[in-house]
Amino acid sequence: MPFSNWCRSLPLAGLGSLLLAAGAAGAGPPPPTAVNGHPVTTVATGVATPTSFAFDPATGTVFVGAFGNERTGKGGGVLAIVPGRAPALVPGIPSGIAGVVDQGGTLYASASGARTGRILALSGWNGTTFASSKTIFKAATTVGSVNGLAWGPDGRLYAGAGLAVDVNKNGKAKKSPFPHPYTVFSIRPDGGDFKVISRGLRQPWQLTFVGNSPSPYVSVLSQDAGKIPADAIVVARPGANFGFPKCFAGVGLSCKPSFEKPLIKLPRHASPMGIQAVGDTLYVALFGGIRKSGPEVVTIPAKAGAKPTPFLTGFAAPVVAVGISGGALYAGDLTGSVYTVAL
């Protein structure tokens with residue numbers, strides 16, 4: 001399924017020539033600018049829609065989840081940036097990767113096919129390939145598709161359910177073919193013991209944990225049809241119901257006081273994608289940015305009602321992925337470029 005179906009229908013026309021030119025030339029556009037004044041470096045180009053980052057401290061490898069071509073979904077997988085080597089796709093990993101996370105030397109990757117969604121566990125990284133690859137979770141009987149991943153403090157793997165059925169122009173949605181749509185869920189490291197954490201989230205895209213919080217902070221993309229609510233960041237607490245498809249952020253056909261409210265509301269179409277935390281500060285990739293600012297990475301205090309502050313600006317195309325490791329931030333945009341900057 002095209003990546004635009006996962007994010008939202010922002011104007012992507014005109015990006016095609018930019019994407020092709022960047023891939024053909026082997027060099028991306030000028031990097032964005034950091035408000036802290038630190039230089040921004042391009043560390044990879046030609047990544048087919050970077051979605052997420054994971055970091056292997058043992059080898060210094062940066063893994064980049066890649067969805068694939070933003071229209072066809074082809075050409076994705078996991079790209080490895082190994083010190084001293086040219087970035088390269090890891091063989092044997094499917095396209096459509098939405099989330100990656102490294103835990104104890106095992107790389108978990110979510111493949112987001114509409115009916116073939118699954119989570120892989122890859123181990124035995126030697127700098128070029130993984131010795132073992134195993135599907136630990138198939139989403140067909142639960143959520144259908146899997147978005148981003150995060151490792152919880154309880155030793156469980158957390159993920160967002162991919163969008164299966166959206167609302168129409170009247171704000172109504174057909175019944176989902178899957179029993180647990182619009183959810184954040186968790187599983188054991190072996191893929192068992194599926195548990196729904198929170199419900200009523202249209203597109204819970206990426207997740208992170210803040211401080212000592214036992215619940216993930218989640219970037220959520222709202223609908224583009226019917227009455228359009230704010231995009232948001234929510235705290236997915238156990239048992240919470242945020243209301244979608246009936247309601248979200250107080251907008252919809254049937255809003256009830258019992259529906260959980262987002263922690264942070266963002267302007268419509270700001271489109272929060274990648275999300276990471278340093279202390280009590282969130283770093284969020286805004287696919288479309290706020291108003292006329294264009295695509296950007298912002299910082300937001302992890303508290304109710306907080307407002308975003310620009311951190312990286314001047315992207316040549318919508319920004320999707322963000323990751324943090326070793327005092328550096330990584331970001332990836334739809335030109336297929338990956339950048340890094342010191343915090």
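The values are calculated or read from the model by the stated rules, or taken from the named source; none is laboratory data. Keep in mind that what you see is a predicted model, and the values were worked out from it rather than measured. For neighbour counting, all protein chains shown are included, and Cβ atoms are generated from backbone atoms with ideal geometry for every residue, glycine included.
Residues in the range 93-144 that are assigned to a loop (DSSP other than H, G, I, E, B) and surrounded by 14 or more Cβ atoms within 10 Å (Cβ to Cβ): 15 in all. Just to be sure, is G191 over 18 Å from the mean Cα position of the chain (by Cα), crowded, with 18+ Cβ neighbours inside 10 Å and closer than 30 Å to D56 by Cα? Taking the combined requirement at face value, the residue satisfies it.
Checked against (1) hydroxyl-bearing (S, T, Y); (2) surrounded by fewer than 18 Cβ atoms within 10 Å (Cβ to Cβ); (3) over 26 Å from Q103 (Cβ atoms); (4) at pLDDT 95 or above, S293 passes all but a single condition, namely (4). The set of residues in the range 46-77 being free of Cβ contacts under 8 Å to residues at least 40 places away in the same chain and within 14 Å of the chain's Cα centre (by Cα) consists of A66 alone. Apart from one condition, T335 fits all of (1) in contact with a helix residue (DSSP H, G or I) (Cβ under 9 Å, 6 or more places away or on another chain); (2) over 27 Å from L79 (Cβ atoms); (3) polar (S, T, N, Q); the exception is (2).
Looking across the range 165-188 at every residue that is over 16 Å from S110 (Cα atoms) and of a type in the set (A, V, I, L, M), the one that is surrounded by the most Cβ atoms within 10 Å (Cβ to Cβ) is identified as V167. Residue-level check: of (1) touching a Lys or Arg at 6+ places or on another chain (Cβ under 7 Å); (2) touching a residue at least 40 places away in the same chain (Cβ under 8 Å); (3) outside any loop (DSSP other than H, G, I, E, B), G160 misses just (1). Within the range 248-272, the set of residues being under 18 Å from the mean Cα position of the chain (by Cα) and on the phi > 0 side of the Ramachandran plot comprises H269, S271. Against the definition (at pLDDT below 95 and in a loop (DSSP other than H, G, I, E, B)), how does A13 come out, yes or no? Yes. Screening G73, G104, G113 for residues that are over 17 Å from V146 (Cα atoms) and not basic (K, R) leaves exactly one candidate, G104. For the condition surrounded by fewer than 22 Cβ atoms within 10 Å (Cβ to Cβ) and either closer than 17 Å to V90 by Cα or among the aliphatic types (A, V, I, L, M) (or both), F55 qualifies.
Taken together, the residues in the range 98-126 that are of a type in the set (V, I, T) and within 16 Å of the chain's Cα centre (by Cα) amount to 3.
The residues listed here are A306, A316; of these, the one that is touching a strand residue (DSSP E or B) at 6+ places or on another chain (Cβ under 6 Å) and either buried (at least 18 other Cβ atoms within 10 Å of the Cβ) or outside any strand (DSSP E or B) (or both) is A306. Looking only at the range 171-188, residues that are touching a residue at least 40 places away in the same chain (Cβ under 8 Å), under 22 Å from V235 (Cα atoms) and either in contact with a Cys (Cβ under 7 Å, 6 or more places away or on another chain) or not in a strand (DSSP E or B) (or both) come to 2 in all.
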